[in-house]
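Engineer: Mind having a look at this structure? Questions to follow.
Just so it is clear, none of the values below were taken in a lab; they were calculated from the coordinates. All of these numbers come straight from a predicted model, not from anything done at the bench. Positions of Cβ are backbone-derived with ideal geometry, glycine not excepted, and every protein chain shown enters the neighbour counts.
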Amino acid sequence: MRLIAKLRWLVCLLLCGGMFSPVVAQEGVAPALPDGWELQVENLTRLGMRFWRVPGCAVAVVHDGKVLMVRGFGTNSLNGKEAVTGDTVFPIASCTKSFTVTRLAQLVDQGKVGWDDPIVKYLPWFRLADAEATGKVTLRHAASHTGGVGSHDLLWYRWGGSLRERVERLAGVPVETKPGEKFTYQTSLFTALGLVEEAVDGRPWEEQIRVELLEPLGMGNTWADPGKIGAKLERAQPHRLTANDNPALCEGYPFAGPDPAGSIHSTARDMAKWVQFHLSDGTTSGGKRLVSAAQMDAMHTLQIAQTFSPTLRGLNPSAQGMGYGLGFTVYDQRGEKVLAHGGAVDGMRAQFSFVPGKKLGLVILCNMGLTRLNLSLTHHLLDLFLGHKGRDYNGLVFKQQRKDVAELLERARLAGEKATARAAAIDGGELEGIYVHPAYGEAKLFMRDGVPMFKLGATETRLRLVGPACWLAEAEPFGGAIIEYLPGGRAKLRVSGEVNLELMRKP
């Protein structure tokens, strides 16, 4: 793969005219546009799409207060007849969080809420497993992913039900750290922020987003409620890679309704307006103020530093660190402060990024799930417009991705070895059955056509045997979790990864 990566990068250099021309820019001043930048954007995008096997991608570039480019590349279907355009509608998934926090900033401006108000002040029914933590988790903690609760994405993924029910499930999982102490990406607490907005404003969250943000910004092709998208509009079709690394259509995520943590659908053209707004001081292009300059700064200010793990470093090779503001990831690209957010949902990827000090912004929307094109292309384009010499970000990011897979398989091997040591205590006839947990409810370990299977919440996975009564979960939402049967007393299953819980055998 190393040779292939080098060859691809040589092709990129030929297509883009060699290393990027140096561009000198002062802080707070937009850099001069490099020569032939439009062709370079196109070539870098097409190169990345080929590398990552992405059928279609929409890209937007914002520079010095203006939207300079909105382009679609590739196709929306495998027959190649439907082109992706700047007006193709994509789910932006977790990029929705930036909208929810921006609406919250408006309510802070109005004196209706404060960042350091506890959630329970507005949602009296809100509960965590720890009573003290319940009263201490604030809006700031939820907006910066420092609420002290693990990720537990499988508590909401494909579950349906009401938004309140999703938040209420958090009471069944342990509080792992003190609020404000550590960054842990937590989607259900973001859902709680939308419910706070409904409690203090009185209108549904999706109506607030439409009236207070989308309409003033002219984002007429953006919807907080996916059910309101017109049937005749061109919507991105979800894809995933097969075992042979070929793109194939897949089932999209079944959006059940509005969700403050991830339901917004938009286009590259509209998302360019969103980036344009966040590069301003809180005013629209027509001069109408939507958010005070002070609250814009609050959202864009680092609240918590993330542990810059080898994986984060490998995926962001030109960064020195990373953290989270209020609704925005904060990191650096070769020393320049970047604000961004990514989104991932079945068959889709989304990413927007902007550099406030250089008045530069990017939008990348892809109709491929789990691709890293969003990251590598962002890195390439930031280097292009900031005037740095190009790096092989496709190859570097892919190298880290392969390393992560190798480490996962090694963890599974070691878990299998430990399982072998306790194999004598395991009765094979005991394994299948129902296991329970206060938050997740019933989980099922069973066989289907001779293949071990596991269902947790609304998500089912095939299991790969790695040792006696020890399996690796293969389905993507499990994130490579290892599932182990623990004998003795009341039998139980331990599920690792972001679930990180033990489930008891149902009597």
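Engineer: So which trypsin sites (Lys or Arg not before Pro) in the range 69-168 end up in coil per DSSP with only 12 or fewer other C-beta atoms within 10 Å?
Structural biologist: Sparse-neighbourhood loop trypsin sites (Lys or Arg not before Pro): LYS81.
Engineer: Hey, which lysines would be in cross-link range of LYS337, C-alpha to C-alpha under 16 Å, not counting anything within fewer than 8 residues on its own chain?
Structural biologist: Candidates past the 8-residue exclusion: LYS358, LYS359.
Engineer: Now for a separate question. Using Cβ counts within 10 Å as a stand-in for footprinting exposure, how do MET322, MET453 rank, fewest first?
Structural biologist: Ordered from fewest to most neighbouring Cβ atoms within 10 Å, MET322, MET453 come out as MET453, MET322.
Engineer: Output ³J(HN,Hα) for the range 85-90: one whole-Hz value per residue in order, computed from phi by the Karplus curve 6.51 cos²θ - 1.76 cosθ + 1.60 with θ = phi - 60°, and x for Gly and Pro.
Structural biologist: 10, x, 10, 5, 8, 10
Engineer: Still on this structure: Any idea what the dipole of the range 422-505 comes to, in debye rounded to 20, about its Cα centre with Lys/Arg Cβ at +1 and Asp/Glu Cβ at -1?
Structural biologist: On the way: 10 positive and 11 negative charges, 32 e Å.
It works out to roughly 160 debye.
Engineer: Give the separation of the Cα centroids, the range 43-121 to the range 324-367, in Å.
Structural biologist: 9 Å
Engineer: How big is the dipole moment of the range 126-275 about its Cα centre under a simple scheme where the beta carbon of each Lys and Arg is +1, that of each Asp and Glu is -1, and everything else is neutral? Debye, nearest 20, please.
Structural biologist: Approximately 140 debye in magnitude.
Engineer: Under a point spin-label approximation (7 Å from Cα along Cα-to-Cβ), what is the LEU465-ASP109 distance to one decimal in nm?
Structural biologist: So the two model labels end up 6.2 nm from each other.
Engineer: Of ASN244, PRO91, CYS366, which is farthest towards the positive pole of the chain's charge dipole, taken about the Cα centre with +1 and -1 on the beta-carbons of Lys, Arg and Asp, Glu respectively?
Structural biologist: ASN244
Engineer: May I pose another question? Could you check the simple spin-label distance between ASP64 and ALA199, using points 7 Å along Cα→Cβ, in nm with one decimal?
Structural biologist: Modelled inter-label distance: 4.7 nm.
Engineer: Going by average Cβ density within 10 Å per residue, which order do the peptides 272-282, 202-212, 301-311 take, highest to lowest?
Structural biologist: Highest mean packing first, the order is 272-282, 202-212, 301-311.
Engineer: Name the aspartates and glutamates eligible as straight-distance cross-link partners of LYS273: C-alpha to C-alpha under 15 Å, and not fewer than 8 places from it in the same chain.
Structural biologist: ASP64, ASP87, GLU212, GLU215, ASP281
Engineer: Same structure, new question: As a check on your grasp of the helix formula, calculate [θ] at 222 nm for the chain: sum -39500 (n - 2.57) over DSSP H runs of n ≥ 4, divide by the residue count, round to the nearest 500.
Structural biologist: Theoretical 222 nm ellipticity from helices: -9000 deg cm²/dmol.
Engineer: Please list, in order, the residues from the range 55-95 whose amide nitrogen is less than 20 Å from a point placed 7 Å along the Cα→Cβ vector of ASP404.
Structural biologist: Hits in the range 55-95 for ASP404 at 20 Å: 55, 92-95.
Engineer: Where nothing but the Cβ of Lys and Arg (+1) and of Asp and Glu (-1) is charged, how large is the charge dipole of the chain around its Cα centre, in debye to the nearest 20?
Structural biologist: Details: 58 positive and 52 negative charges, 190 e Å.
So the dipole magnitude of the chain works out to roughly 920 debye.
Engineer: Computed FRET efficiency, Cβ-Cβ of GLU502 and ALA83, R0 41 Å: what is it to the nearest 0.05?
Structural biologist: Here the calculated transfer efficiency is 0.25.
Engineer: Trypsin sites (Lys or Arg not before Pro) within the range 429-507: which are DSSP loop residues with at most 10 other Cβ atoms inside 10 Å?
Structural biologist: Filter output for the range 429-507: ARG490.
Engineer: Once the piece of chain linking ILE229 and ARG413 is laid out straight, how much longer is it, given 0.36 nm per residue of separation minus the C-alpha distance between them? Each step should come with its number before you reach the end.
Structural biologist: Working: separation 184, 0.36 × 184 = 66.24 nm, distance 4.64 nm.
Net length gain for the segment: 61.6 nm.
Engineer: Rounded to whole Å, give me the distance from the Cα center of the range 207-271 to that of the range 142-204.
Structural biologist: 22 Å
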